[in-house]
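Reviewing the structure listed below.
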Amino acid sequence: MSLIVKLGALLFVIAMDQSAAINMQLLGGVWILQTFPAIVAGLYTRWFHRWALFAGWAAGIIYGTIAAYGVENPVTHAHFGGSIAAFPFTGIPVYIAISAFAVNAVISVLLTLGFRAFKVRDGVDATAASDYGADEHDPVVLTTPQAAVEGAGADVTR
């Protein structure tokens, strides 16, 4: 199955117009940037509501795709003709991924505030201590600054 998918991808790239392939890569950049808020916010903070992050991601993907579709190639008059469009409500041309990221972030923050105000449950974190490879009792893992100071004289290179 993997070989069939790879062959299909190869045929797709060979048969596709080169400028369209480049523009699809730019669209991929727009899409991948939309994962940044959910991944970073999900890893480093629990402030954002999980459904707000999902809605922000979806809004960024939809806005970015529509904005990219609306850019016309001046030579061929085809859609997905570039990666620069006017920032919403302004005439300032910016990379579409940046404006889609702004839409994503604004939606995520506003919905989080709204969900918190209406006390919408965020769900249950099903992570268990056994899901981690090391814990605070592991002598190799230094969990506190005091443990780091106490262990400074010991061999910490192991």
Query - Qualifying residue in region 58-66 (condition: closer than 30 Å to residue 123 by Cα, of a type outside the set (Val, Ile, Thr) and open to solvent by 70 Å² or more (accessible area, probe 1.4 Å)) - result: no
Requested in this report: State the number of residues belonging to region 65-121 that are in contact with a strand residue (DSSP E or B) (Cβ under 8 Å, 6 or more places away or on another chain) and at pLDDT below 85.
Outcome: 1
Query raised in the report: Here are some residues: 32, 14, 4. Which one is at pLDDT 90 or above and over 25 Å from the mean Cα position of the chain (by Cα)?
Result: 4
Query raised in the report: Of everything in region 92-129 that's open to solvent by less than 50 Å² (accessible area, probe 1.4 Å) and not in a helix (DSSP H, G or I), which residue is nearest to residue 82 (Cα to Cα)?
Result: 94
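The values are calculated or read from the model by the stated rules, or taken from the named source; none is laboratory data. This one's a predicted model, so the numbers in the text were calculated from it and none came from an experiment. All Cβ positions, even for glycine, are placed from backbone atoms using ideal geometry, and neighbour counts span all protein chains on display. In case anyone asks, the SASA skips ligands and DNA or RNA and just uses the protein heavy atoms, side chains included. Shrake-Rupley method; radii C 1.70, N 1.55, O 1.52, S 1.80 Å.
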